[in-house]
Amino acid sequence: MSSVAILGAGCSGLAAAHILRDKGWSVTLFEREHEVGGRATTLAREGFKYDYGAQYIKRGSPESVAWITERFRASDLLDIVKPVWTFDGKGSIQEGDSAQNAEEKWNYRSGLVMLTKRMAESLDVHLSTPIELARHDEHGWNLVGEQGQNIGTFDRLLLTLPLPQVCEFLGKSHFEPEVCGAVRTVLGTSMYRPLLSIMLGYRPTPRTRPYYALVNSDKRHAISWLAWEHEKSLERVPEGAGLLIAQMAPAYSAEAWGRADAKLIDDCTGRVSRLLDEDLSSPYFSDVQRWQFALPSVLVDDAPLLDLTLPLGLALCGDGFVGGRVHLALEHGMRVARRMADEA
Ligand SMILES: Cc1cc2nc3c(=O)[nH]c(=O)nc-3n(C[C@H](O)[C@H](O)[C@H](O)COP(=O)(O)OP(=O)(O)OC[C@H]3O[C@@H](n4cnc5c(N)ncnc54)[C@H](O)[C@@H]3O)c2cc1C
């Protein structure tokens, strides 16, 4: 039985874990955070529950659909039926694309993190365990924790972090230098956009609209996405309250990254009020979350990389190879795990 360590318990790492365990491998996941989910996660604060990363899951391959709706189905799975409308840089709001709005937008009453929680239930996941570096020798891949502690040695290693973080990790690690150099050169071409997520809680609930969310269609607005989080489920907010989530455009996010939260919230509430023509300047709850590597903007081809790394028992997967979507990351985890098993 082969042993594998998987770094990262987001959707790609968890998907890969199930494929390898189904094939009889001994699988151990190491996750830096105290919760699984990665960028498809949910926070609970002051009675509000919100998805501050991914907003919902779209329909992917038949296999990933079956994992979401059958194999790892949670009882509170829901489809957000209200549509997404659009707005432009001038703030003009229009009905969205009806074909796109007819597609499912899956989520969970208790939060998007439910998918990865269900997937993690039967797996060996070590939370709050950031791995600092790895060393490769004739015994396999030895992992070292942040305090320099020995975490363990595994036959194989699968990295699922955003690619700039993989690049940094490999730079600290010790393994065949030519392969390491070549892999880091390729990973150096990957690019991710930063993103500020700003949560605004109101009592009473903001006005009900004919849409669940708005997306900026011409990329000329400082807000790229605005969602009425309580439309997913009233379980997400305290009684009588409502929650808006604004995801700021990449250029705005990069420029405003270091600003104090209070300034960001002030600026954001002004923009939201103007866009909606509704006074939303005084939220009674707010939160700002910063995603340094939110969504990949330049993808990397996995085939030549895996040709280099798999002979050493090393593989990489995640959205940096396929695009920033939950279902794509999930499917990539499955695909890479199958290739890893086939070539073992
Ligand atoms: C703001 C935002 C909005 C989005 N909206 C949508 C959407 O509406 N729909 C959609 O489908 N997708 C959306 N996405 C994209 C989607 O969330 C990602 O594509 C997907 O979750 C990526 O999964 P992953 O497994 O590849 O990576 P991640 O989820 O990033 O998983 C990597 C994991 O590795 C862990 N880790 C990092 N370093 C270490 C270390 N040293 N040791 C151990 N663990 C480590 C991280 O904590 C993380 O859990 C959005 C993303 C963001 C940020």
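The values are calculated or read from the model by the stated rules, or taken from the named source; none is laboratory data. Computed from a prediction, not measured in an experiment: that's the story for all the values here. Cβ placement follows ideal geometry from the backbone for every residue including glycine, while neighbour counts extend to all protein chains displayed. For the accessible areas, the whole protein counts, side chains as well, though only heavy atoms, and no ligand, DNA or RNA atoms are used. Shrake-Rupley method; radii C 1.70, N 1.55, O 1.52, S 1.80 Å.
Observations, loosely collected:
- Residue that is modelled with pLDDT of 95 or more and farther than 20 Å from residue 19 by Cα, where the choices are 329, 262, 337: 262
- Considering region 3-73, the qualifying strands (runs of 3 or more DSSP E), each wholly inside and each with 3 or more residues that are over 20 Å from residue 132 (Cα atoms) and more than 9 Å from the ligand (Cβ to nearest atom), run over 43-45, 48-50.
- Single match in 237, 215 (criterion: touching a Gly at 6+ places or on another chain (Cβ under 9 Å) and either open to solvent by 20 Å² or more (accessible area, probe 1.4 Å) or of a type in the set (Lys, Arg) (or both)): 215
- Residue match in region 96-105 (condition: within 15 Å of the chain's Cα centre (by Cα) and within 14 Å of the ligand (Cβ to nearest atom)): no
- Pairing residues of region 308-335 that are over 21 Å from residue 189 (Cβ atoms) with residues that are assigned to a loop (DSSP other than H, G, I, E, B) and within 12 Å of the ligand (Cβ to nearest atom), at Cβ distances under 6 Å and at least 6 apart in sequence or on separate chains, gives 326/40; 326/54; 327/58; 327/60; 331/60; 333/317.
- Counting only helices (runs of 4 or more DSSP H) wholly contained in region 105-193, the ones carrying 2 or more residues that are crowded, with 17+ Cβ neighbours inside 10 Å and of a type in the set (Lys, Arg) occupy 114-120.
- Within region 278-318, being within 27 Å of residue 47 (Cα to Cα) and either acidic (Asp, Glu) or in contact with an Asp or Glu (Cβ under 8 Å, 6 or more places away or on another chain) (or both) holds for 278, 279, 285, 286, 287, 288.
- Summed over region 64-104, the residues that are surrounded by 14 or more Cβ atoms within 10 Å (Cβ to Cβ), acidic (Asp, Glu) and closer than 27 Å to residue 334 by Cα give a count of 1.
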